[in-house]
Amino acid sequence: MKKLKLKIKAGSVRSAHGVVSNETVQRILTLLDGAVVEANVYSSTNMCFSITEKMIRHAWNNFGDSDRYWINEGHVESIIERFTVVNEYGNTLSCTLPNLHCESTPAEIDKMLETA
C-alpha cells in the first residue's frame with residue numbers, strides 16, 4: 001500500500017450512480033468532485049481515502065444549489081457522523097475511490113506506484 005494524492009472526478013450523483021452501489025459513497029464522491037485526496041492505494045483498482053469533517057463542510061458550502069436536490073443537509077450530517085467520528089480503535093471509516101471516479105487512469109496510478 002502507498003499513499004498517493006489523487007483527484008476525484010465524480011461530476012454528479014447521476015454520473016456516480018450505477019457505478020457506485022452505495023448511495024453514501026455516491027454523495028461523498030459528488031461533494032468532493034474536483035478535490036485532491038490522500039488515498040491509500042493498494043492497486044490501480046483498489047484505493048480508498050479518509051474524510052475529515054472540515055473537507056465535507058467545505059465541500060457542502062461550495063456545493064451548487066442546483067445539485068442540492070440529490071444531496072441535502074441531512075445527508076451531509078449523516079456522512080460527518082458516520083465517516084469522521086473516531087471509533088474505539090482510533091480509526092475513522094474510509095471511502096472507496098472507484099478508478100472510474102479518479103482523474104488518474106489505472107496506467108498512471110500503476111506508474112505512480114512504481115516510482116513512489
Taking the stretch 46-102 as the search range and keeping residues that are among the aliphatic types (A, V, I, L, M) and out of contact with any helix residue (DSSP H, G or I) (no Cβ under 6 Å at 6 or more places or on another chain), which one is farthest from Thr30 (Cα to Cα)?
Val86
Within the stretch 34-44, does at least one residue satisfy the condition of being over 30 Å from Lys111 (Cα atoms) and of a type in the set (Ser, Thr, Tyr)?
no
Would the stretch 80-95 turn up any residue that is surrounded by fewer than 19 Cβ atoms within 10 Å (Cβ to Cβ) and under 12 Å from the mean Cα position of the chain (by Cα)?
yes
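Yes/no matrix, rows are residues, columns are (1) under 22 Å from Ile80 (Cβ atoms); (2) under 12 Å from the mean Cα position of the chain (by Cα); (3) surrounded by fewer than 15 Cβ atoms within 10 Å (Cβ to Cβ):
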position: Gly18; (1), (2), (3): no, no, yes
position: Leu31; (1), (2), (3): yes, yes, no
position: Gly34; (1), (2), (3): yes, yes, yes
position: Val41; (1), (2), (3): no, no, no
position: Ser44; (1), (2), (3): no, no, no
Scanning the stretch 76-91 for residues that are part of a loop (DSSP other than H, G, I, E, B) and of a type in the set (Ser, Thr, Tyr), which turns out nearest to Phe63 (Cα to Cα)?
Thr84
Asn46: within 27 Å of Met112 (Cβ to Cβ) and free of Cβ contacts under 8 Å to residues at least 24 places away in the same chain, yes or no?
yes
With respect to Trp70, is the statement that it is in contact with an Asp or Glu (Cβ under 9 Å, 6 or more places away or on another chain) and of a type outside the set (Val, Ile, Thr) true?
no
If only one of Val76, Val37 is within 13 Å of Leu6 (Cα to Cα) and aliphatic (A, V, I, L, M), which one is it?
Val37
Give the residue, chosen from Arg14, Arg57, that is at pLDDT 95 or above and assigned to a helix (DSSP H, G or I).
Arg57
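The values are calculated or read from the model by the stated rules, or taken from the named source; none is laboratory data. The structure presented is a predicted model; accordingly, all values stated were derived computationally and were not measured. A quick note on method: Cβ atoms are made from the backbone with ideal geometry, for glycine too, and the neighbour counts reach across all protein chains shown.
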